[in-house]
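Just below is one structure, and these are the notes that go with it.
Each value in this text was obtained by applying a stated rule to the coordinates, not by laboratory testing. The structure displayed is predicted, hence computed values, not measured ones. Positions of Cβ are generated from backbone atoms using ideal geometry, with glycine treated the same way; all protein chains shown enter the neighbour counts.
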Amino acid sequence: MVTHSRHSVRTRSLSVTGGDTPRRPGGANQHGDSASLRRPTGDLRPSDQPFRAFRTRTYIGDREAPRSPSVRSGLWSSVRQSSIVRPRDTSVREPSRLRVAIVTSTPPTPCGIATFSMALGRAMQDSGATINLVRIVDRAEERPTLSLGVIAVMVSSQPSSIRNVAQVLNQFDAVVIQHEYGLYGGPDGSDVVRLMRQVTVPMVVVLHTVLPHPSGHQRHVLNTIIARADQVVVMTQNAQQTLMRTNTVGETPIVVIPHGATNVADDSPNLTSERPVILTWGLLSPGKGIEWMIDALVALRDISPPPRYIVAGRTHPKVQARQGESYREHLVERARKRGVSDLVEFEDVYRDSASLRRLIMRADVVVLPYDSPDQATSGVLVDALVADRPVVATAFPHAVEALGNGAGLVVNQRDSEALSVAVRWMLTHPEEARVMAQSARSNGPDFSWPVVARSYLEVIGRLVAARSPA
């Protein structure tokens, strides 16, 4: 039996990825072939040997990033030094004078972009700006009552609705448009282009997805969005490089402003339980890779006490509309067939912020087993790191960028064996895992929502000032 121990071990930076081959964001192994990841020989004693086969290199575009013994040379410091907008000696409209509308999904729709926009909007409002929302929906409905006012509802593929929303937006100083291909109506979300053609005030577009291999029409839609935008925001260096490589940016400025997070590690107790907790959370849909972590549990049963794998989150509303609960039912059946039903707990709820923070603080390790090698941004990843939770993730670009210098463990997609090795190490080396997690947040306050909101307001203030009469 392997004990879920609490002993201290020597600290070192480490990352897990496939074999000894340098791995670029998106992975050289695009088909999830696990052959390149070699399982270490011997048991998992706290020694260097298990990780000699798991070194990784982090790439920026086609250039290998410099390595450093400190995570401060990784994502956090690079964004801190060069990407967050800093005040300059130019005219900027003060936040207290700014009236900004955000075009987005909103609650009660359970959606990551809705959560993002509410947090960003509240933080911008706390900084003095006047913030209102335009809610995107598939069918006409009444406006919900939220802490931020919903001043219009944009119904997908209804020209009159789009026209009315544009008229409302033109009464504001500026507009923030959240972009995700599936968020808007029309082919590849082309409704947003129809909206932007009718908006006359400065527009800031926030790209939540940047595809490395878009279809021809996806590229056309995004190129048109970029051309009409006054400013484009992405959330990682990798997303910025991918965008510039795959799309026509032209003269539209691109800035990196990281995904915000609530700093919970400073004021929340670590709610430990008798059994170690492995946590994956977020809206459930095919491609989340939960099945590979379920398979990995077979090899983790010998840990004493046995771990609990909590899968928290409702099925994504658009997936549920098309497929019902088939993916969740598939996962339940898979756990039964693998003989690990007693180790898996499905929580079919959409938690509010306070409840989610309490859940995160219970986790001994957070697992992001996503199938896609293309995910540009993960709010779950940022939340986990800011909460000082040890992270095991597959090699999607945001994880490679954030964890590649030792802040967590990165493994191949669709590889249950690699997941079991990485999670086992985290659970059996808790002190070292905790030090790794805390090092990732060494500059954590810069990722708090108030700081992120001020960066957005700095961008917006410049655009508005540039449009204003001298």
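Some observations on this one:
- Extension gain, residue 194 back to residue 451 (0.36 nm per residue minus Cα-Cα distance, nm): 89.3 nm
- Relative exposure of 172, 396, 346, judged by other C-beta atoms within 10 Å (fewest first): 346, 172, 396
- Each Lys and Arg Cβ is given +1 and each Asp and Glu Cβ -1; about its Cα centre, the range 143-242 then shows a dipole of about 200 debye.
- For residue 303, the residues 5 or more places off, or on other chains, whose built amide H falls under 5 Å of its own are 2.
- Label zone at residue 275 (point 7 Å along Cα-to-Cβ), backbone N below 16 Å, the range 298-321: 298-312
- Full-extension gain in nm, residue 354 to residue 299, via 0.36 nm per residue minus C-alpha separation: 16.5 nm
- Gain in span if fully extended, residue 170 to residue 130, counting 0.36 nm per residue against the direct Cα distance: 12.9 nm
- Projecting label points 7 angstrom from Cα along Cα→Cβ for residue 96 and residue 251 puts them 3.5 nm apart.
- Residues whose placed amide H lies under 5 Å from that of residue 312, excluding near-sequence neighbours: 280, 281, 282, 347
- Remark: 197, 424, 357 ranked as 197, 357, 424, counting other beta-carbon atoms within 10 Å and listing the fewest first.
- Loop-located GluC sites (Glu not before Pro) across the range 231-333 with a Cβ neighbour count of 11 or fewer within 10 Å are 251, 274, with loop assigned by DSSP.
- Neighbour cut-off at most 11 other Cβ (10 Å), DSSP loop, GluC sites (Glu not before Pro), the range 110-195: 141, 142
- Dipole of the range 355-465, positive end: most advanced residue of 416, 465, 377 [Cβ charges, Cα centre]: 465
- Sorting 292, 449 from the fewest to the most surrounding beta carbons within 10 angstrom yields 449, 292.
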